[in-house]
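Enquirer: This is the structure I have questions about; it appears just below.
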Amino acid sequence: MSTFEPPIFELAAPGRIGVSLPACDVPTTALPAHLLRSDELNELPELSETEVIRHFTRISQRNMCIDTTMYPLGSCTMKYNPKINEEAARIPGLAAVHPLQSAALSQGALRLMYELQHDLGEISGFSDVSLQPAAGAQGELTGILVFKAYHADRGDHARTEILVPDAAHGTNPATAAMVGYKVVEVKSDDRGNVDMDDLKSKLSERTAGMMLTNPNTVGLFEEQIREICALVHAAGGLMYGDGANFNAILGIVKPGAVGFDFMHYNLHKTFTTPHGGGGPGSGAVGCTAALAPFLPGPLVGKTGSTYAWVTPAKSIGQVKAFWGNFGMLIRAWTYIRMMGAAGLRLVSETAVLNANYIQSKLSDLYPVAVDRFCMHETVLKGQIVGAPGVHTLDIAKRLIDYGIHPPTVYFPLIVPEALMIEPTETESKHNMDHFITIMRTIAAEAVANEDTLHQAPTRAVVRRVDEVRAARNPILRYSKPVFEAYYAEPGHHTV
Ligand SMILES: *Cc1c(COP(=O)(O)O)cnc(C)c1O
């Protein structure tokens, strides 16, 4: 780790080559002068294939990822991505289909999308599904644009507010604000539910809708979910379901049957398509028949045995180029087929059991935010008795030293020193016991010497990053002298 590994630019030398092209066997013509580059090409490294592969493989091995370590990042559902998904996505007839190919020549791809629309609708209790949005956040934007179009279509222009609980993910209020709504915050009560009195006091003829995550971001099931939906509907508003936590209730609760009007699915969370740096996401959306005419198109429809692109009558328009992130749709379809209905229910039952196991094994050292059975994730607090100077950030950094990706920290915002742990159903008891042992070891280390945690990570390639300096003095482009000066400072390993 401390040995100097020159970055790829330093490895380069003129004449090192990674490709060999065959001799040209067609006539050549000179390019017009105005198309020719006139200045020098600087800093484009010349390297052999071996060197390029080693460079990128080395960098990739320094990442923490779900294929190398438990990744209990709460709210993000970093579950294992089955490799059969990758095999399906690489079937040439699917991988090589061109987005501009006609529907007649893309029947297999359209069938897959049609079936996925159907399956997601069935799992969640919605009649209609659009696969277009590329992420949960874009699904939210789609949903709130649909709410706006729905109210406008009824000639109801007085609704200017969207209600959002104080525990919500930041994308909820951001979405409502982007669509031009005023965000009205609703408080949580002592049990971690929406405070019903506060909700009632904030509903009015100005309410366009409410955005709600269930289970919520404290990992708790909203016990009055039916009443909440009924109250919002009685006020003339619509219910948006943030489906990021769908992994807790598959096959158990259908949001459409409980009173939600619209919801997004994070295919990259619940349905095992790669997440974050692993690839593009998919934030497919489902809704009731009343909102279906406003969905972004095109969707896939079926007449007889023929699949075709259809755009809903009052569609808000297209929200993503072409047909959404098709590669993700293949993976999600494959996952659903592999699991089956009973398998999906078992996913949620196991995810909930795993989170409660961890909660019960750690709550004596790390206080639980709300003392209840949790759903698929538990929110603890990084407040260790006997180590008052240790914070959640220190615990997270120390986990890296033990080779485990930290949980989500400082979210939800309403829980001080929040440590949000989501093991998912794909961790074995053995792995969870390892995590629990490490968390208990870290608590003991904190009590013995707080500095052990303050200095963490000490075993990682990159030490604790100076976030203030990074923000004030960002180095956005490679430069040899700056690089050398930085790594000459004590405590900095080379990268
Ligand atoms: C992940 C998440 C989102 C946003 O989803 P993206 O796909 O990351 O845009 C919204 N709400 C909650 C609760 C989430 O966990």
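Enquirer: When only C-alpha pairs under 8 Å and at least 6 residues apart count, what is the relative contact order of the range 84-339, in percent? Let's see the in-between values first.
Expert: Details: 502 pairs, mean separation 71.5, N = 256.
Relative contact order, the range 84-339: 28 percent.
Enquirer: Using the structure shown, list the pairs from LYS148/LYS182; LYS187/LYS254; LYS187/LYS361; LYS79/LYS429; LYS148/LYS314; LYS83/LYS254 with a Cα-Cα distance above 19 Å, or answer none.
Expert: Details: LYS148/LYS182 13 Å; LYS187/LYS254 25 Å; LYS187/LYS361 30 Å; LYS79/LYS429 15 Å; LYS148/LYS314 12 Å; LYS83/LYS254 28 Å.
Over 19 Å apart, Cα to Cα: LYS187/LYS254; LYS187/LYS361; LYS83/LYS254.
Enquirer: Something else now. Would you report the distance distribution of C-alpha pairs in the range 84-339 as whole percents per 10 angstrom bin, up to the bin with the largest distance?
Expert: 7, 32, 35, 18, 6, 1
Enquirer: What does the charge add up to near VAL232, with Lys and Arg as +1, Asp and Glu as -1, over the other residues with Cβ less than 13 Å from its Cβ?
Expert: Numbers: positive: ARG159, LYS200, LYS202, ARG206, ARG226; negative: GLU161, GLU205, GLU222, GLU227, ASP261.
For residues surrounding VAL232, the net value is 0.
Enquirer: Between rounded, prolate and oblate, where does the range 238-283 land on the alpha carbon gyration tensor, with a ≥ b ≥ c its root eigenvalues, rounded for a/c under 1.5, else prolate if a/b exceeds b/c?
Expert: On the way: a/c = 3.78, a/b = 1.88, b/c = 2.01.
It is oblate, given that a/c is not under 1.5 and a/b is not larger than b/c.
Enquirer: Where the Cα atoms of the chain are projected onto their three principal axes, how long is each span, largest first, in whole Å?
Expert: Cα spread of the chain along its principal axes, largest to smallest: 73, 72, 43 Å.
Enquirer: Run the helix sum for the chain: -39,500 (n - 2.57) per DSSP H stretch of 4+ residues, divided by residue count, reported at 222 nm to the nearest 500 deg cm²/dmol. Display every interim value, and only then the final one.
Expert: Details: 16 runs with 180 residues, N = 495.
One gets -11000 deg cm²/dmol as the mean residue ellipticity at 222 nm.
Enquirer: Assign one of three labels to the range 189-308, namely rounded, prolate or oblate, based on the Cα gyration tensor with a ≥ b ≥ c the square roots of its eigenvalues; rounded applies when a/c is under 1.5, prolate when it is not and a/b is larger than b/c, and oblate otherwise.
Expert: Details: a/c = 2.29, a/b = 1.38, b/c = 1.66.
Because a/c hits 1.5 or more and a/b fails to exceed b/c, the range 189-308 counts as oblate.
Enquirer: Separate question: For the chain, what relative contact order do you get, as a whole percent, if you take Cα pairs closer than 8 Å and at least 6 residues apart? Mind dumping the intermediate values first?
Expert: Details: 895 pairs, mean separation 89.5, N = 495.
In percent, rounded to a whole number, it is 18.
Enquirer: Then there's this: Looking at the range 142-182, which trypsin sites (Lys or Arg not before Pro) are in a loop (DSSP not H, G, I, E or B) and have at most 14 other Cβ atoms within 10 Å? Don't jump to the answer; show the numbers that get you there.
Expert: Working: sites: LYS148, ARG154, ARG159, LYS182; in loops: ARG154, ARG159.
Taking the range 142-182 and a limit of 14 other Cβ atoms within 10 Å, the loop trypsin sites (Lys or Arg not before Pro) found are ARG154.
Enquirer: While we're on this one: Which of rounded, prolate or oblate describes the range 1-99 when judged by the alpha-carbon gyration tensor and an a/c cut-off of 1.5?
Expert: Working: a/c = 2.58, a/b = 1.45, b/c = 1.78.
Since a/c reaches 1.5 but b/c is at least a/b, the shape of the range 1-99 is classed as oblate.
Enquirer: Name the helices (complete DSSP H segments) of the chain with a Cα length along the long axis of 27 Å or more and a Kyte-Doolittle mean of at least -1.0, or state none. Mind showing how you got there, number by number?
Expert: Working: long enough: 326-362 (40 Å, 0.52); 429-448 (28 Å, 0.24).
Those that pass (Cα extent of 27 Å or more, hydropathy at least -1.0) are 326-362, 429-448.
We did not get these values from a lab; they are worked out from the coordinates using the rules stated. Just so we're clear, the structure is a prediction, and the values are computed from it rather than from any experiment. As a convention, Cβ positions derive from the backbone with ideal geometry for all residues, glycine included, and neighbour counts pool all protein chains shown.
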